Amino acid sequence: MPAQPFLVGQPVLLVIDIQASTFIDDSAERSIPNMPGYRDRMEKACALVAHARASGVPVIFVQEAHRPDLIDFGRELDGSETVHCLEGDPRTELAVEQLQITQADYTIKKRRYSCFFGTDLEILLKGLKAETLVMVGGLTDVCVHYTFADGHQMDYHCRVVEECVGGSSDAAHEASLNAMEYLQTGARRSFDETCAAFSAVSRRG
């Protein structure tokens, strides 16, 4: 099938798990592995948030958070990750200072990887009349990928901004970007073309 237009109908910027730990935790070993340059990628995503807001594109921030008694982790700790994103831990909070979250933005808390699973994201997207989901944040190979797959199966046009997502490793990051591109031709997009597309939304509004 030929690639669809970058933005179809109403776009929404979905900011996935850009939490305070990215900016305040400099530990050599982390509960979740990050690829080299991960923080730089999240800072680039923060810049895109500002551009989306200036262009009138709705912004939805999603925060992974787990109860301190670990009751909602399920099978999440069966793999490479250790306990992470506990409620009450300052590192779990959204990176409010870097993201400049305002009352006009939307926030959602999730317990699992996909932003759709067990949340009210679908209700919010329907209310916004969203057709295109532009995704940034992390991890490319986990929460971004699984959210993309769910959005794809719900018939949203899904896009991922390559410089604004970060994976658990370089290899995992690239493999997931390729897998998303497989699902929707033209899914992989650059920061510059995303800014240009958002500006076009502002002009047509």
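At a probe radius of 1.4 Å, what is the per-residue accessible area of Arg189, in Å² to the nearest 10?
40
Work out the length of the dipole vector of the chain about its Cα centre, built from +1 on the beta-carbon of each Lys and Arg and -1 on the beta-carbon of each Asp and Glu, and round it to the nearest 20 debye.
Here the size comes out at about 780 debye.
With all distinct Cα pairs included, what does the Kirkwood hydrodynamic radius of the chain come out to in Å, to one decimal, could you say?
One decimal place: 17.0 Å for the Kirkwood radius.
Run the paramagnetic zone check for Phe117: 7 angstrom along Cα to Cβ, then residues of the range 69-88 with backbone nitrogen under 11 Å.
The answer is 73-77, whose backbone nitrogens lie closer than 11 Å to the label point.
Counting only protein chains, not ligands or nucleic acids, how are Asp170, Asp150 ordered by accessible area (probe 1.4 Å), most first?
Asp170, Asp150
Taking θ = phi - 60°, what integer Hz values does the Karplus form 6.51 cos²θ - 1.76 cosθ + 1.60 yield along the range 78-85, in sequence order, with x for Gly and Pro?
Ordered by residue, 3J(HN,Hα) equals 7, x, 7, 7, 9, 4, 7, 6 Hz.
Give the lysines whose C-alpha is closer than 19 Å to that of Lys110, dropping any in the same chain fewer than 8 places away, or say none.
Lys126
Applying 1/(1 + (r/R0)^6) with R0 = 30 Å to the Cβ-Cβ distance of Ile24 and Ser190, what FRET efficiency is obtained, to the nearest 0.05?
That gives a FRET efficiency of 0.55.
7 Å from Cα along Cα→Cβ at both Gln10 and Leu77: what's the point-to-point distance in nm?
Going from the Gln10 label point to the Leu77 one covers 4.0 nm.
Across the range 75-180, how large is the tail of the calculated P(r) beyond 19 Å, expressed as a percent of all Cα pairs?
The share of Cα pairs beyond 19 Å in the range 75-180 comes to 50 percent.
Given the -39500 (n - 2.57) contribution per DSSP H run of 4+ residues, what per-residue ellipticity at 222 nm results for the chain, rounded to the nearest 500 deg cm²/dmol?
-10000 deg cm²/dmol
Step by step: find N for the range 62-128, compute 2.2 N^0.38 Å, then divide the Cα radius of gyration by it. What's the final number?
Working it through for the range 62-128, the quotient is 1.23.
Would you mind computing, in nm to one decimal, how far apart the modelled labels at Ala200 and Asn178 are, each placed 7 Å from Cα along Cα→Cβ?
2.9
Largest first, how would Thr147, Thr82 line up by accessible area (1.4 Å probe)?
Correct descending sequence by accessible area is Thr82, Thr147.
Which order do you get for Ile60, Ile101 if you rank them by accessible area with a 1.4 Å probe, largest at the top?
Accessible-area ranking of Ile60, Ile101, largest first: Ile101, Ile60.
Kindly report the accessible area of the range 73-205 per residue (heavy atoms of protein chains, probe 1.4 Å, no ligands, DNA or RNA), in Å².
Computed with neighbouring chains in place, this is 48 Å² per residue.
The values are calculated or read from the model by the stated rules, or taken from the named source; none is laboratory data. Everything quoted here is computed from the prediction, not taken from an experiment. FYI the Cβ positions are ideal-geometry reconstructions off the backbone, even for glycines, and counts take in every protein chain you see. Calculation scope for accessible area: heavy atoms of the full protein, side chains included, ligands and nucleic acids excluded. Shrake-Rupley method; radii C 1.70, N 1.55, O 1.52, S 1.80 Å.
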